[in-house]
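J.: I have a structure here, written as structure tokens, and I will follow up with some questions on it.
The numbers here are math on the coordinates, done by the rules we state, and not lab data. Quick caveat: nothing in here was measured; it's all calculated off a predicted structure. All Cβ positions, glycine included, derive from the backbone under ideal geometry; neighbour counts span all protein chains shown.
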Amino acid sequence: MKKIVNPYVSLPGYNCFGCAPGNPFGVKMEFFEDGDDIVSRWQPRDEYQGWLHTLHGGIQSVLLDEICGWVVMRKLQTGGMTVKMETRFHHAVATDGGPIELRARLLSQRRNLVNIEAELRNAEGQICSSALCTYFAFPPDKAKTELHFPGCRTEDEEAAGDKP
């Protein structure tokens, strides 16, 4: 697996709830590329409970939506926005049960509409929630100028000086 570099870390005003490492209230996700999949490992915390020691469904949806956005950034090298998200909750996720793993992959693309599937697994590997997201992928020139998208690379690519 290759660690993906967050391209927005040095952008003034960047405070994404899902992936900004400096947001004190955010979930601070980090991402890796594993073949066709984008992967994130995340440790649930008690402040994200819905019920006693149970991860809130809204937080699960945030995690699933965020990783789908990173599929667009890494695999399509552009920015995008969620158009539709269908989330299914299969099993409760314990906030004291160890780290969870999220995986997402591109299913299809028709023009600017991208379908992505994602799953959230507990520490035992059981699928606890899943999502099918449709994203609108911005034209790359718009992503660069309006979204300040510089490209999305792995640490290995940055070290080698590769361009996105």
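J.: How would you order 68-74, 23-29, 129-135 from highest to lowest mean count of nearby Cβ atoms within 10 Å? Working shown, then result.
T.: Numbers: 68-74: 24.9, 23-29: 14.7, 129-135: 21.4.
Top to bottom by mean Cβ count within 10 Å: 68-74, 129-135, 23-29.
J.: Taking a label point 7 Å from the Cα of residue 142 along the Cα→Cβ vector, which residues of the range 98-126 have an amide N closer than 14 Å to it?
T.: Of the residues in the range 98-126, 111-114 have backbone N under 14 Å from the label point off residue 142.
J.: Report, in degrees rounded to the nearest 10, the 0 to 90 angle that the Cα long axis of helix 57-76 makes with the longest principal axis of the chain.
T.: Once rounded, the angle reads 20 degrees.
J.: Now for a different question. Mind putting a number on the dipole of the chain about its Cα centre? Charges go on the C-beta only, +1 for Lys and Arg and -1 for Asp and Glu, and I need it in Debye to the nearest 20.
T.: Values: 18 positive and 22 negative charges, 101 e Å.
Here the chain has a charge dipole of around 480 debye.
J.: Name the residue farthest towards the positive end of the dipole of the chain from the options 31, 114, 48, assuming +1 on Cβ of Lys and Arg, -1 on Cβ of Asp and Glu, about the Cα centre.
T.: 114
J.: Quick one: which residues, 5+ away or cross-chain, put their amide H under 5 Å from the amide H of residue 152? H built at 1.01 Å from N.
T.: Under 5 Å from the amide H of residue 152: no residue qualifies.
J.: Let me ask something else about it. Which parts of the range 125-154 would a label at residue 91 reach, counting a residue when its backbone N lies under 19 Å from a point 7 Å out along Cα-to-Cβ?
T.: 125-131
J.: As an exercise, use a Förster radius of 45 Å and the Cβ-Cβ distance of residue 11 and residue 111 to find the FRET efficiency, rounded to the nearest 0.05. Let's see the in-between values first.
T.: Details: r = 28 Å, r/R0 = 0.62.
The pair residue 11/residue 111 has a calculated efficiency of 0.95.
J.: Go ahead and collect, in residue order, the members of the range 20-46 whose backbone nitrogen is under 18 Å from a label point 7 Å along the Cα-Cβ direction of residue 123.
T.: Residues passing the 18 Å test: 40-46.
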